[in-house]
Structure formats: structure tokens, C-alpha cells
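As C-alpha cells, the structure follows; a few thoughts come after it.
Computed from the coordinates by the stated procedures, all read-outs in this text should not be read as laboratory data. Remember, predicted model here, so these are calculated numbers, not experimental data. Here the Cβ is made from the backbone with ideal geometry for all residues, glycine too, and neighbour counts use every protein chain on show.
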Amino acid sequence: MSDRSGQLERNIGFLEAMTLGGGTMIGAGIFILPGIAAEGAGPASSISFVIAGFVALLAALSLSELATGMPVAGGSYHFVNRALGGFFGSIVGWGMWTGLMFASAFYMIGFGQYLVEPIPFLDGRALIILLGLIGLVLIVGVNYYGTEESSQLQNVMIGAETVIVLAYVALGLFFIDPANLDPFAPTGPSGIIATTGVVFVSFLGFEIIATVSGEVKNPSRNIPLAMILSVVLVTILYAFVMIVTTGVVQYETLGDSLVPVSDVAIVFMGSIGVVAIVAAAAIAAISSSNSSILAAARVNYAMGRDELMSDWLNVTHDRFGTPHRAIVATGVVTALLIAAGLNIETIVALLAEVASFSFLVSYSLVHVALVVFRRANPEDYDPSFKIPDMLYPAVPILGVLLSVVVISQMAGVIILLGMGIVGLGVGWYFVYVRDHAIDRGLIDDAIFPTADAYRVVVPVANPETQRDLLRLAAATARAHADERTPELVAVNVLQIAEPSPEQNIAAERLEHQHDLLEAAREIATEMDVHLRTVAMVGQRVDETILEAIIEENADQVLLGWEGTLTRQGHVFGPNLDSVVEKAPCEVTLVTLHDETIGTPVALAGPGPHSPVAARRAVEFATVDGTVPTLLNVQQPVRDGESAAAVERGEAVIEDVAREAGLDPEEYESEVVVDDDIETAILDTVNHYNTICVGLSERSEASRIMFGTIAERISQEATSNVGIVRGPLENEPSNNRSLKENLAE
């Protein structure tokens, strides 16, 4: 898949998701950070890891709900952008992308450190950086080739690494010197919290699962299970590793070490143990960097998809199905960060802490996004995992508060650098995103719900007609602005015969929704109506449209119709008949022959839907600022006498207008007297740009029925045609089928 619309394939199972998340966390937390953590909080650094794990668990709960509701590439970035709009989406997108690249550079420098430092004849910062760059090239190549191959490599690396780490903990417990654990918290509570901010980078793994959720098989099960389980298990493992590490070697000694776990292992595992730890550390650093590159490229890809970056990045490889351009761009920037690591003593800690800052900010906004999604409840948000009611909204509120507390205890220089990245996202919004981004978010829906809206549902599928359909729908909604809030709901149905777990339906639905937004946003602004777009998936288009109408509690549905009648089992067509027959709201079928709506005309007669057609003509007329005509055709009472027929026709028009709730200044009247009613109607309506006719049935009192007049108009008129049906409660014969009502 090489074009813009190419989708990422679902080929990451539960085990691969667990290793993506757990592997990243194990690599960062166990082998590189213990020295820095011990220096900051002493043996109590184990508590710092537990606190960081709890903050991560809160974020994992919120992300699990969001990711199962919208399993597409982008993770936290996508959820925040969708909920809060492009401004916050730009902040989180840049924060995540840079944070993951900082973390990846941090891991690869650690990779070089563990290869160089324990080996006496190897020395030099340049060698460490060179090894880090070589490892990065390998990782970028694997990700370029495909996530399935990347995930399989991850499984092998994490399996070997985990065995070595468990052996380190199991053996080290017997060599703990209690004296080394006293004092347990030499820097006090503030030092523990400050260290939490340093080590939080260790917990980026679960975010990586959310970021690649568009490629996870069976996402409703695997995403929450992998995210929550990986955080809990790794947090427990961190606590034990830090107890062992600070219990075997004094924390003061560990603070000066670039390879702290290796320095501890030599005490009770000997040279063989050091070799094993070096191998495990190298594997951990590579696996962590691999996961981070994988996730960072998906953030970059998602930003291109959402028009927050150049759409040049939103391309998947025609052979490998990977976002290859985003991967290469991410690799290049990460390589520059690694090269900056020549000054190892300062860059390593900075990379880790700035990455922590970026993700704490992102997770705070993720918690806010969850609340927005819960309140707005958009149609395309249907999570299979939800935070239990007893824990909501405590989880998002506590998550925001704890993230702010941890950030507040970080070093001033880290806060300054982190705010610089936030500023980069803000600046990018004003320079680029504001003029390119389509999605405005759901924040308005969450704060000001439109429960009392006059809601028009518009199923759209044809790019050639959807703009005009949306204009007409916006006009009908806007006509009710004095009574209720006008709202337009553009619906696109993605028809899928038999969905499979490997098919990335959520991503395809998102793409359809973006296409809708591009066409609809300008129209909604022009017509001053509130717009929502809904992309739905279903096996039958008609049933899915009916589902949207009912769930949206629509007042009207406006559908495009090509104007062709089919008598082989259908009337209007297989996707329209059920909607016309069963939709509880008003229904308007529109056939567009001309882009100009111009001056509409409505047939005013005794049919049950004639008043609705008259009202629709008045609404359509607002598109071009015209005044519609209500037309009635009468046969003369006697040859040559037309005055009585005109008077009778005007009375009918007045009755129809009154029933439609129209004031006299809102329409013009025209009465035509002719022996041949059908011919007169056809000749007259062709002088107008748009024709509205009620969907009527045969009765003893009227010959204006679809099988004669309306059918001939729909087939012979060269103007735009609207076939209108009122709500079902006004239908005099609900128990009759559509074919019976329309049949001659």
C-alpha cells in the first residue's frame, strides 16, 4: 500500500504487545537508571519506581479505554487531538515524538556504555556513540522492513533479557547487606518525588502499546490486558531490582557508575555474571530503542494523517506496509540526539528526564481527553474496555494531579527544556496546524452538549454530490435556529462483508471521517450550524444508516438519490427503501441535476406530506436567498371558467402553508388551471431550479401520488428534485409497505 490512504496491517498479537511494552520498561529502568535513581533517593528509589508505576497505571487505565474505543496509530497524540483539537494535539504530538526520540537516543547511548565500560581495553566516548549509531541503523532497518519482523525480534530479545534479570534478582536477594539500606531515604520525601520524575521514562512501554494499537490483533482484548499487566509486573520487578542493587552496593557508589547493574552483578555473580548482564543490557537497550522508534514513527505518521504535519509522512510502503518515511525521519533526528551524547555525563540524564516531562504532560492531557470523550460520547467512540464506574472520574482526576506533582519536583533546567518542547508544539500550531488541521475536537460537545438540537443526518458517499447535499442539509438545520440549536451530522458508512481481526477497520473509518471533514467544515461555518461527522462500519448500508438515525435521535435524514427507479424488488434502491420506510424522522431524497438550488417550487396538494414538502422548499430557498413558490394545479369547473378553480387552488395552498407553519411572506403562490393536471405540473415545475414534492399515496380524493405525478417529475424533470416524507407518526397508513404505498 503506497498511496496516502494505505493502512497499517494488524499483525501484533498479545505476546508481541507485552514484549513491546514490558521490554521497553525493563530495558530503561533496570540497566541504565538505577545509578541516577540511587543518587537521587538512595534505597528509597524503589519507592520512586512504585510511585512512577502507579502514575503510569492510572494513565494505562485511561489509555486502555481510549485505545479500545479508537484502535488506530498515534496513541496519546491521536486521542488528545481528537478530543481537544489541533492546539493540544500539536503539543502532545511534538511532545511524544520528541520524547520517544529522546528516550531512544538515551537507550542507545546506554547500549554503547554497557558494551564499552565493563571491558578494560575498550574506552572512549566516540566509541560509545559509534556503537549507539550502529545499533540505531539496525533498528531503523528492522522497522522499515516490517512491524511483524520487528515484533518477532522483540520476543526473542525480551525472553533472553528477562531470564537474566530474574536470575539477578533471585541471586542478589541473598547478598543484601541491611546496613546498605540505612538510611533508607537520605533525601527525604522531596527526593523520592524528584526521583520519580527522573525514572518515569522507564514506563513508556505501555504508551507504545497504545501508539501501535492500529496494528494490534483483537485490540479489545489485547490492548488493555497488555498495557495494565505490563505496568503492574514491571513495577514489581523494578522495586525488587532497586532493593537488590542498593542493598548489595552502597547507593553513594552507584551514583557515579555509568553501568550500575554490571557493577553490582560482579559482587555476587562474578565475571560470568557481568558478561550475562552486559549481554542483557545490550539486548534491553536495543529492544527499548526498537519500541521507541516504532512508536515515534507512528506518532509522526499519525500527525501527517491528521494534517498536523506534511502529508508526505502519511504514506505506507507499497511492499512492507510500514510508514517508511516517518521511520526514516524519526531515525535521522534520533541519530542527531545520539551524536550529541559525546558529552555523556550531562546528555544521558537530560534525555531521560526531558522524555519523562514530555510524557507526564501528555498523560495529563490524555486523562482530560478521556473525560471529554465520556461527556461528548461521539458515535465512533465505542470502547470495549471502560474504567469501572466506581473508579471514574477518580482515575483521570488523580492522574492529572499526580502528574503535576511529579513535574513540580523536577529540576528547573528540565522544566525549562520541557516547556521549550511544549512551546515548540504551540508555535507549530500557529505556524502550520491552524491553517491545515481539519478536526476541531470534541471539547465544545463536552462542555456545551447539543441535546436540544434540531439534528439533520446526511449519509454521504459520492464526492461529486456530497458538498451540495451538505449545503441543503445545513440550510434545513439552520432554518430551525430560532427554536433549537442547528446540528448537522454527516455519516459515512464503510461497508464490510465479513470483518476480520487483522483488518484495521478503525483506521479506515478514520480516513473516511477525514474526507468528510474536509468537505463539510467549510459548509458548516458558512451556514452557521454545528457539525459532527460519523464514520460507521456495517455489513448493510441501509441498516447502518437507520442505526445512526435512531442513535442520533434525528429530526430529519437527507439522502442523495440518483433518480433511477428500480421495480425488481426495490423502489428507490436497496440502500434507500428501508430508510424511507422505517426512519422515524422526516426523510428527504434529493436528486441533483444542477449545482444551483435557485428558486424552489413545492407541489401544494391534499397529500399527507405536502406541508413537509412546502416547508422543505422554504428551507432550500435560503441557500441562494430566494423565495419559493407553492404550486397547485386545478381543473376548471366548467369550460372557460377558471376563477373558481384559482380560488380553490389558493385555498389549498393557504391550508398547506398553515399546516407547514409558514408565514405569507415566506412563499409565493401560483395556481395553474388546466384540464391535464400532470402535463401542466411538468410544464410549470421545469421553470424552477429545484422541485419539492411530497411522497404521497393513491387515494380516492387525489391523483397526486408517487406512481404518477411524483414519479414523472423524478424521471422527466431537468431540475433538482426532492422527494419528501414526513415523520412516521404523521403517516396515515404505517402498516403498509413502501412498495404498496408507491405502487400504481
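Distance from the alpha carbon centroid of the stretch 17-70 to that of the stretch 610-632 works out to 63 angstrom.
Give me 398, 442 ranked fewest to most by other Cβ atoms within 10 Å of their Cβ, as a rough exposure proxy. Spell out each step's value before the answer.
Values: 398 15, 442 21.
Placing the least packed residue first, the sequence is 398, 442.
By its C-alpha gyration tensor, with a ≥ b ≥ c as the square roots of the eigenvalues, how is the stretch 233-349 shaped: rounded for a/c under 1.5, else prolate for a/b larger than b/c, else oblate? Note, shape of the stretch 233-349 comes out prolate. Once you order the gyration tensor axes a ≥ b ≥ c over the Cα atoms, which shape class does the stretch 635-692 get: rounded for a/c under 1.5, otherwise prolate or oblate by comparing a/b with b/c? Oblate, because a/c is 1.5 or more while a/b does not exceed b/c. Sequence-distant contacts, meaning Cα pairs under 8 Å at least 6 residues apart, place the relative contact order of the stretch 14-436 at 37 percent. By its C-alpha gyration tensor, with a ≥ b ≥ c as the square roots of the eigenvalues, how is the stretch 256-309 shaped: rounded for a/c under 1.5, else prolate for a/b larger than b/c, else oblate? Because a/c hits 1.5 or more and a/b exceeds b/c, the stretch 256-309 counts as prolate.
The residues 49, 174, 357, 268, when put in order of fewest to most other Cβ atoms within 10 Å, stand as 174, 268, 357, 49. Shape analysis of the stretch 14-436 yields a ratio of the Cα radius of gyration to the Kirkwood radius, Rg/Rh, of 0.95. Centre-to-centre separation between the Cα atoms of the stretch 254-277 and those of the stretch 215-242: 27 Å.
How many angstrom separate the Cα center of the stretch 377-401 from the Cα center of the stretch 578-603? Between the Cα centre of the stretch 377-401 and that of the stretch 578-603, the gap is 40 Å.
Evaluate Rg over Rh across the stretch 334-431, taking Cα atoms for both radii and Kirkwood's formula for Rh. Don't skip to the end; give the middle numbers.
Working: Rg = 17.3 Å, Rh = 15.9 Å.
The Rg/Rh ratio comes out at 1.09.
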